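Taking it in order: structure first as structure tokens, then the write-up.
The values are calculated or read from the model by the stated rules, or taken from the named source; none is laboratory data. This one's a predicted model, so the numbers in the text were calculated from it and none came from an experiment. Counting neighbours? That spans all protein chains shown, and the Cβs are built from the backbone with ideal geometry, glycine included. Surface accessibility is based on the protein's heavy atoms, side chains included, excluding ligands, DNA and RNA. Shrake-Rupley method; radii C 1.70, N 1.55, O 1.52, S 1.80 Å.
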Amino acid sequence: MVVDREECVGCGACVNLCPRLAIRFIDNKSYIDQVSCIECGTCRESCGVEAIYAGCRFPDIVLLNFANNPYADDTTTI
Amino acid sequence: MKDIYDIVVVGAGPAGLMVAKEMAAAGQDVLLVDIKKDIPLINRSCCTMLINEPNTHGETVHIVDNNLHFEKTGFTVKYSGQFVKLVKSSRLSPGGYKLTMANEKEGVAHPYTKEVILRDLLQEAVQNGVDILTETAGIKAENINGGVKVYLRSSHSRFLKEVRCKIAFAADGVNSQITRGLKLAKQRKYFGSYRVASYFLDEVDYPYWDSWITCVGKGHTQLGRGQIYMVPKYLPNAKPGDKPILDVFCGSPIGVPSKQSLDWCLQEGPFNEWFHNAKIVHKAACVLNFYTCIMNPVEGNIVVVGDAASFIETYCQSALVYGYRAAQAALKQLDTGKGYEDYSTFWRESFEYCWPGEIEKALQGFGLHMISDEELDYIFSLTDKEEYFGYVSENTAPRVMKEAIMSHIDQIKKERPETAKTIEKHWQSSAEDIVQA
Ligand SMILES: Cc1cc2nc3c(=O)[nH]c(=O)nc-3n(C[C@H](O)[C@H](O)[C@H](O)COP(=O)(O)OP(=O)(O)OC[C@H]3O[C@@H](n4cnc5c(N)ncnc54)[C@H](O)[C@@H]3O)c2cc1C
Ligand code: SF4
Ligand code: SF4
């Protein structure tokens, strides 16, 4: 998840709710450490002013996962 | 910063600041940490009303020479800001009818500026020699032989820092990180979570500057879930003669967007005409996990104070009292090896939410969820012109409300027998029912 620091009002609530301790409080606003975040969504669900959103962090890797899937059935179309 | 202190306090809200300043005043070597960079800055929603009702959470607080005087415990907290005197507390139905609790003489509550209190407490803590680390999170506290090990992490570091102390205080608020890591947290029952969005509004065309308003009923929000509150207060930089602003906030269960509900209420709600020219001058928010109280707030040498131990909130004034009492108890413990019990007994005996049935009673005064808007308008039309003696305290207001409504029950039974049944059923609803609704 990503914090929109313009929208974040700095209430500090999400910091203690993150099960991965991924949220830092910097300059009185939240910042999510992208390496620690597991996209569980707890912070986004909790933020009173809806300042947290899902940003796809690794678009290239997502594509790669599909390309490399050994169980993919080439004949199946979506 | 050192590796060993006498005392480590996690969280510099009213509870933590009071503990830190008192312990340092008694000659202890104290470290105080907070995730905030500017400790007095308040961006967490809070009405900051001084609840002047006698015996609130075991204490009676008076305004003496503009300061907060705590009569029973016997101490004074300096305050150099302004108060708003509210003389009414009204529940407002979507159709604009009211149930009003009033106290013209003493007021029902006095909103003040929390920043000013925290700034003064912080200054005292610094003068008393407290070491302060900002942008530092308390991660965990562990009882070890002869004391406590506290794990801290700077907002700018990947590493944990261990600090040892004789006694650690968890004062990190309602979603306490430190408390979650303790065994005593396992005994708590969880009801659900609420999130809050709040705007401080200037230029509102508002009829209730002398009141604390709780909007009840579904019609105040777009989705019919969540509750809107309104309270006049001063901004931290207000000068004498300035007008108060209006803090309007919406609390809703997780899953229901509170900010969206608040925006809708201001733009399209039943009283939107009050807000046509309103300007947002500040925003705040918070998340409340509803847990039952920690009944024994001391585990080994880790002492839990303020909201960290409580159901929803202790109030700022009581966070100060519990901080003060916990500090005195800890000093006695250090001195005689026996002292914590003073604090935990006082906590259990004074904090109403530790008593059986109190949580249900308080929630029943807020969530009149079973009663439809049309019925609410009808009931409040019967009470609209009346005033019942009372205050804002969530522990006593529900009783006054109940008596007010029940004083009309014969008429309601005659005119609206179904509504009368719903009302009687409401007073039986459980805490879970109300939180979930
Ligand atoms: C909507 C709302 C309305 C309220 N209205 C009133 C009212 O009218 N009157 C009243 O008296 N009270 C009111 N309260 C309650 C009041 O805000 C609290 O009871 C009071 O602030 C509790 O003080 P505290 O010191 O225990 O916790 P807090 O004030 O929450 O302070 C906790 C501190 O710990 C810090 N912190 C959090 N986590 C960590 C961590 N992991 N590490 C380090 N630091 C951390 C935070 O930054 C904060 O500074 C209201 C609360 C809410 C939510
Ligand atoms: S919960 Fe929302 S407003 Fe509060 S600190 Fe986190 S991102 Fe900011
Ligand atoms: S999504 Fe989950 S893991 Fe990521 S920051 Fe939010 S709460 Fe933490």
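B:A25 fails exactly one of the following numbered conditions: (1) within 9 Å of ligand 1 (Cβ to nearest atom); (2) open to solvent by 20 Å² or more (accessible area, probe 1.4 Å). What is the number of that condition?
Condition not satisfied by B:A25: (1).
Being open to solvent by less than 10 Å² (accessible area, probe 1.4 Å) and away from chain A (no Cβ under 14 Å) narrows it down to one of B:G251, B:G269, B:G241, so name that one.
Result of the check over B:G251, B:G269, B:G241: B:G269.
Output the residue which, of all residues in segment A:19-46 that are open to solvent by less than 20 Å² (accessible area, probe 1.4 Å) and in contact (Cβ under 8 Å) with a residue 24 or more places away in the chain, is nearest to ligand 1 (Cβ to nearest atom).
Looking at the filtered set, the residue picked out is A:S30.
If you take the residues of segment A:8-22 that are more than 7 Å from ligand 2 (Cβ to nearest atom) and within 9 Å of another protein chain (Cβ to nearest Cβ), which of them is farthest from B:F290 (Cα to Cα)?
A:L21
Of everything in segment B:145-175 that's facing chain A (nearest Cβ under 10 Å) and outside any strand (DSSP E or B), which residue is modelled with the lowest pLDDT?
Among those that are facing chain A (nearest Cβ under 10 Å) and outside any strand (DSSP E or B), it is B:R158.
Looking at B:N175, is it open to solvent by 20 Å² or more (accessible area, probe 1.4 Å) and among the polar types (S, T, N, Q)? Explain how you work it out, then say what you get.
Details: open to solvent by 20 Å² or more (accessible area, probe 1.4 Å): no; among the polar types (S, T, N, Q): yes.
Considered against the rule, which asks whether it is open to solvent by 20 Å² or more (accessible area, probe 1.4 Å) and among the polar types (S, T, N, Q), B:N175 comes out as no.
Considering segment B:362-376 alone, what residues qualify as being surrounded by fewer than 21 Cβ atoms within 10 Å (Cβ to Cβ) and under 24 Å from B:L86 (Cα atoms)?
Across segment B:362-376, the qualifying residues are B:F366, B:G367.
When you check B:V87 against the structure, is it over 21 Å from the mean Cα position of the chain (by Cα) and surrounded by fewer than 21 Cβ atoms within 10 Å (Cβ to Cβ), yes or no?
It is false that B:V87 is over 21 Å from the mean Cα position of the chain (by Cα) and surrounded by fewer than 21 Cβ atoms within 10 Å (Cβ to Cβ).
Restricting attention to strands (runs of 3 or more DSSP E) lying wholly within segment B:176-261, give those where 3 or more residues are free of Cβ contacts under 8 Å to residues at least 60 places away in the same chain and within 22 Å of the chain's Cα centre (by Cα).
In segment B:176-261, B:245-253 are the strands (runs of 3 or more DSSP E) which contain 3 or more residues that are free of Cβ contacts under 8 Å to residues at least 60 places away in the same chain and within 22 Å of the chain's Cα centre (by Cα).
I'd like to verify a number: residues in segment B:330-351 that are part of a helix (DSSP H, G or I) and open to solvent by 20 Å² or more (accessible area, probe 1.4 Å), how many?
Our first condition is that a residue be part of a helix (DSSP H, G or I); within segment B:330-351, this holds for B:330-336, B:340-350.
Still in the running and open to solvent by 20 Å² or more (accessible area, probe 1.4 Å): B:331-336, B:340-342, B:345-346, B:348-349.
Going through segment B:330-351 one residue at a time, the tally reaches 13.
Quick one: in segment A:32-55, which of the residues that are more than 8 Å from chain B (Cβ to nearest Cβ) and hydroxyl-bearing (S, T, Y) is farthest from ligand 2 (Cβ to nearest atom)?
The selected residue is A:S36.
Checking the condition outside the structural domain of B:P244 (by TED's automatic domain parsing) and either surrounded by 21 or more Cβ atoms within 10 Å (Cβ to Cβ) or touching a Cys at 6+ places or on another chain (Cβ under 8 Å) (or both), which residue from B:L121, B:L99 passes? Don't jump to the end; show me each part of the working.
Numbers: B:L99 fails: outside the structural domain of B:P244 (by TED's automatic domain parsing).
Just a single option satisfies the conditions, and that option is B:L121.
Which of the numbered conditions does B:C46 fail, given that it passes all the others? Conditions: (1) within 14 Å of chain A (Cβ to nearest Cβ); (2) surrounded by 24 or more Cβ atoms within 10 Å (Cβ to Cβ).
For B:C46, the failing item is (2).
Might you let me know whether segment B:412-434 holds any residue that is at pLDDT below 85, assigned to a helix (DSSP H, G or I) and either in contact with a Phe, Trp or Tyr (Cβ under 7 Å, 6 or more places away or on another chain) or polar (S, T, N, Q) (or both)?
Among the residues of segment B:412-434, at least one is at pLDDT below 85, assigned to a helix (DSSP H, G or I) and either in contact with a Phe, Trp or Tyr (Cβ under 7 Å, 6 or more places away or on another chain) or polar (S, T, N, Q) (or both), which makes the answer yes.
Residue-by-condition table, conditions (1) within 14 Å of chain A (Cβ to nearest Cβ); (2) surrounded by 22 or more Cβ atoms within 10 Å (Cβ to Cβ); (3) more than 26 Å from A:K29 (Cβ to Cβ):
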site: B:A15; (1), (2), (3): no, yes, no
site: B:D29; (1), (2), (3): no, no, yes
site: B:L41; (1), (2), (3): yes, no, no
site: B:I51; (1), (2), (3): no, yes, yes
site: B:T56; (1), (2), (3): no, yes, yes
site: B:R91; (1), (2), (3): no, yes, yes
